[in-house]
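The values are calculated or read from the model by the stated rules, or taken from the named source; none is laboratory data. Everything numeric here is computed off the predicted structure, so don't read it as measured data. Note: ideal-geometry Cβ built from the backbone for every residue, glycine included; neighbour counts use all protein chains shown. These area figures cover heavy atoms from the full protein model, side chains too; ligands, DNA and RNA do not enter into them. Shrake-Rupley method; radii C 1.70, N 1.55, O 1.52, S 1.80 Å.
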Amino acid sequence: MKFLFVGTNPENTGAATHFVALALAMVEAGHQVSAVVYPNGLIANALDKSGAKLYPAKFRNVFDLRGYLATFKAARDLQPDWLVGNFGKEYWPLILVSRLLRVPVALFRHRTPPMGRLSQYLVPRLAQRFFAVSQHARQAYLDRGVAPQRVRVLYNPVSMTWCKPDAQRRSDVLHQLGIPQDAIVLGYFGRMHHTKGIFTLLEALDGAMAQESRLHCLWLGHGPEAQQLGERIEAGNFAHRHHMLGWIDDVHPYYSAISMLAFPSIATETFGRVSVEAQAAGAPVLASNIGGVPETLSPNVSGLLLPPGNAAALRNAILKLCDADVREPMGIAARDFVDRHFSTRVIADEFVRILSDAQ
């Protein structure tokens, strides 16, 4: 198949990561992929050497005629089998181009807050395929009146190669950070905001570190409460066992360094890509039982589901996974779980199957 992906957001967001991952999955599966992208933006840079043909364009909003023209020209040049969109500001332009060129369009929605009333009613009906990225998100759209047959689910694809466990990489990262090679490393990769459960996690770690001297925590990410988190860590008893690295463009090398991942959100999450990537690297996940998060793991097999905001339960779960006899089989199961449900191979095949289905 020939695909024209349209994604001109310059920012690093979950939707942008999904855009790149799905485009790369389709290239890897042997399809012809082109993309309309923001010049020198995150998406453009990620796809630069992928083999996808790139068309630079800027879409400031739904009224930006330059974006319409660039997308129309790219579609007319490529004559794709499908247009693919990931961002709300491009829904209506893609629907219009789809109608003008008689090319079907597949649109992804990554958030559960409602669209405008008109868009909420018309977009899922006018797009030939409308995708949610989790069953949780799909149900939110159905609850707002979207017909069940109009919403399909396609999960985020994850590269098993990029997330492959690497013992040497683990050793190198631990050495660079001054962490002992026999350490048990819990990772938190995400936004530094209280809704992500970072302070619940810190409380749980205080209790767990008091009982397990080998336990360290690797914090990757930034956000409005990063400074407050750092201050609380410094005021605690185990500051030397916390390692805050800030924003990291490519987190994949750090998955090999962690023994487990914490995903302790206390607010609803649409999905949870970081959970899937960590499991692909062989790290079991301690995740909040909220929103679409449960769909990212196999409970008690590849990770543990926990009540949101419960520091005691999270502390006990951390200590449970400090036992190698519990943690290591879960890590093996985690990688197998992701390979069967979220690998680029599986998601690319599922995407083509859904697009090919009569509707």
Checking the conditions here, which among D325, D349, D357 is more than 24 Å from G207 (Cα to Cα) and over 23 Å from the mean Cα position of the chain (by Cα)? D357
Could you count how many residues in the stretch 247-262 are of a type outside the set (A, V, I, L, M) and at pLDDT 95 or above? 4
For residues in the stretch 130-152 being open to solvent by less than 30 Å² (accessible area, probe 1.4 Å), assigned to a strand (DSSP E or B) and touching a helix residue (DSSP H, G or I) at 6+ places or on another chain (Cβ under 6 Å), which is farthest from P104 (Cα to Cα)? A132
Collect the residues in the stretch 292-338 that are over 19 Å from V274 (Cβ atoms), touching a strand residue (DSSP E or B) at 6+ places or on another chain (Cβ under 7 Å) and in a helix (DSSP H, G or I), keeping them in residue-number order. A313
Out of curiosity, is K58 open to solvent by 40 Å² or more (accessible area, probe 1.4 Å), within 15 Å of G85 (Cα to Cα) and without any contact (Cβ under 8 Å) to a residue 60 or more places away in the chain? yes
Count of residues meeting criterion [open to solvent by 10 Å² or more (accessible area, probe 1.4 Å) and either part of a helix (DSSP H, G or I) or among the hydroxyl-bearing types (S, T, Y) (or both)] in the stretch 272-291: 3
How do the pairs read when you match residues in the stretch 223-236 that are within 10 Å of L202 (Cα to Cα) and of a type outside the set (V, I, T) with residues anywhere that are open to solvent by less than 30 Å² (accessible area, probe 1.4 Å) and not in a helix (DSSP H, G or I), using Cβ under 7 Å and keeping only pairs 6 or more apart or on different chains? L229/M192
Conditions (1) β-branched (V, I, T); (2) at pLDDT below 95; (3) closer than 28 Å to F72 by Cα -> V103 fails only (2)
